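Notes for the one structure printed next.
The values are calculated or read from the model by the stated rules, or taken from the named source; none is laboratory data. Predicted, not measured: the structure shown is a model, and the values here were computed from it. Cβ placement follows ideal geometry from the backbone for every residue including glycine, while neighbour counts extend to all protein chains displayed. Keep in mind that these areas ignore ligands, DNA and RNA; they rest on the heavy atoms of the full protein, side chains included. Shrake-Rupley method; radii C 1.70, N 1.55, O 1.52, S 1.80 Å.
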Amino acid sequence: MTQISNPFFQDKVAIITGGGGLLCSAIAKDLARQGTKVALLGRTLDTLESVAHEISQAGGTALPLVADATDIEQLNAARIAIKDQLGDAWFLINGAGGNQAPAITTLTQYDPIELSPEKPEDVRGFFNLDPDAFENVIRVNTMGTMIPTQVFGADLARLGRGSILTFSSMTGYKAISRVGAYATAKTGIIRLTEWLATYLAPAGIRVNGIVPGFFVNDRSRKILMNPDGSLSKRGQDVLNHSGFKRFGEAEELLGSVNWLLNDEQAAFVTGQMITVDGGFLANPGV
């Protein structure tokens, strides 16, 4: 495998939750290309094995493990397997997360139809949201960051070093329409990242976060694009608000990730959220 960037990553171990996703699989492949041994955690083994196979075929080391980021027992089992098969971790990348349709409104603002007895089945306003789905989105994202940090961060604290990365989103800074649960969760991750950075500093652990803009994966494609591949109205609205007028590519996160994880280049950086959004937050829309 061709080694690139800083040799700092050589022979270190990274634990990546949500390791089969678009962004985290790209991060895993990039770290493996630099000599890092990566543990891929997620709920779907086939997806994790596909990423691990690609890494192995390129000469890297990857360990796919089924573990729900909100399940302490599964995470503890994964922790033991990682330590036995790869060694002590140096990096934790909290990439697990997501949204659920029952927690997303179809309306962008209140309409009396949502309280009407004649409400169509495909109309969902705030007053029709499933509270359990709303809560689950918060749990998957926010608790799915807190719990792995508690499980795997304890080993980093004992060793007195390491770097932890979290993921928020544009909804963490802007109350984007329709996704109230997701916005609540991702805003929480920003505050959790800052709190953890302060709390874990005496242990020699740096905690920072990435705030991605709009990257198209299988889930968001259904929202941002029409079946024929053209932009949906929501997709066009996003691009109208973006500086570069395009969606991001997963590889465009890697520079920021590498810098934040690298103790030699970012030794004095902690508690920071790095936005990689093509200018979305900077554009007021007028």
Exercise. Can you list the lysines whose alpha carbon sits under 27 Å from that of K174, skipping same-chain ones fewer than 8 residues off?
Worked result: K186, K222, K233, K245
Exercise. Where a ≥ b ≥ c are the square roots of the eigenvalues of the C-alpha gyration tensor, would you call the stretch 100-207 rounded, which needs a/c under 1.5, or, failing that, prolate if a/b is larger than b/c, or oblate?
Worked result: prolate
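Beta carbons within 10 angstrom, averaged per residue: use that to sort the peptides 266-274, 10-18, highest first.
10-18, 266-274
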For this session: Give the longest segment of the chain that steers clear of GluC sites (Glu not before Pro) in DSSP loops with at most 10 neighbouring Cβ atoms within 10 Å, not counting the sites themselves.
Result: 122-263
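Please state, to two decimals, what the Cα-based radius of gyration of the chain comes to when divided by 2.2 N^0.38 Å (N = residues).
Cα Rg divided by the expected 2.2 N^0.38 Å: 1.03.
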For this session: Return the Cα extents of the stretch 13-64 along principal axes one, two and three, sorted largest first, each rounded to a whole Å.
Result: 25, 17, 16
Exercise. Helix 180-200 versus the longest principal axis of the chain: what is the Cα-based angle in degrees, 0 to 90, to the nearest 10?
Worked result: 30
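Counting other C-beta atoms within 10 Å, and keeping those with at most 13, which DSSP coil chymotrypsin sites (Phe, Trp or Tyr not before Pro) do you find in the stretch 98-172?
For chymotrypsin sites (Phe, Trp or Tyr not before Pro) across the stretch 98-172 that sit outside H, G, I, E and B with at most 13 neighbouring Cβ atoms in 10 Å, the list reads Y110.
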For this session: Could you pull the Cα extents of the stretch 1-139 along its three principal axes, largest to smallest, in whole Å?
Result: 62, 31, 25
Seminar exercise, completed: Interchain or sequence-distant (5+) residues whose placed amide H lies within less than 5 Å of the amide H of I274 are G209, I210, V211
Seminar exercise, completed: Check: C-alpha center the stretch 172-194 vs C-alpha center the stretch 138-158, spacing in Å is 18
Problem set entry | Per principal axis, descending, Cα span of the stretch 187-286 in whole Å | 52, 25, 23
For this session: Give the angle, between 0 and 90 degrees and rounded to the nearest 10, that separates the Cα long axis of helix 72-85 from the longest principal axis of the Cα atoms of the chain.
Result: 30
Exercise. Semi-axes of the stretch 153-232's equivalent ellipsoid from the Cα gyration tensor, sqrt of 5 times each eigenvalue, largest first, rounded to whole Å?
Worked result: 34, 14, 8
Exercise. Can you list residues whose amide H is under 5 Å from M225's amide H, if they're 5+ apart or on another chain and H is modeled 1.01 Å from N?
Worked result: S232
For this session: Quick one: go through the stretch 229-253 and flag any residue whose amide nitrogen is under 15 Å from the point 7 Å out along the Cα-to-Cβ line of A282.
Result: 241-246
Exercise. Using +1 on the beta carbon of Lys and Arg, -1 on that of Asp and Glu, and nothing else charged, what's the dipole of the stretch 24-103 about the Cα centre, debye to 20?
Worked result: 220
Exercise. So which lysines pass the test for K83, namely a Cα distance under 27 Å, with those fewer than 8 places away in the same chain ruled out?
Worked result: K12, K29, K37
For this session: Report, in whole Å, the centroid distance computed from the Cα atoms of the stretch 208-283 and the stretch 104-125.
Result: 30
Problem set entry | Calculated [θ] (222 nm, deg cm²/dmol) that DSSP helices of n ≥ 4 give over the chain, each run adding -39,500 (n - 2.57) | -11500 deg cm²/dmol
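Accessible area of the chain with a 1.4 Å probe: how many percent of it is carbon plus sulfur?
54
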Exercise. Using the alpha-carbon atoms, what tilt in degrees (0 to 90, nearest 10) does helix 22-33 show relative to the longest principal axis of the chain?
Worked result: 20
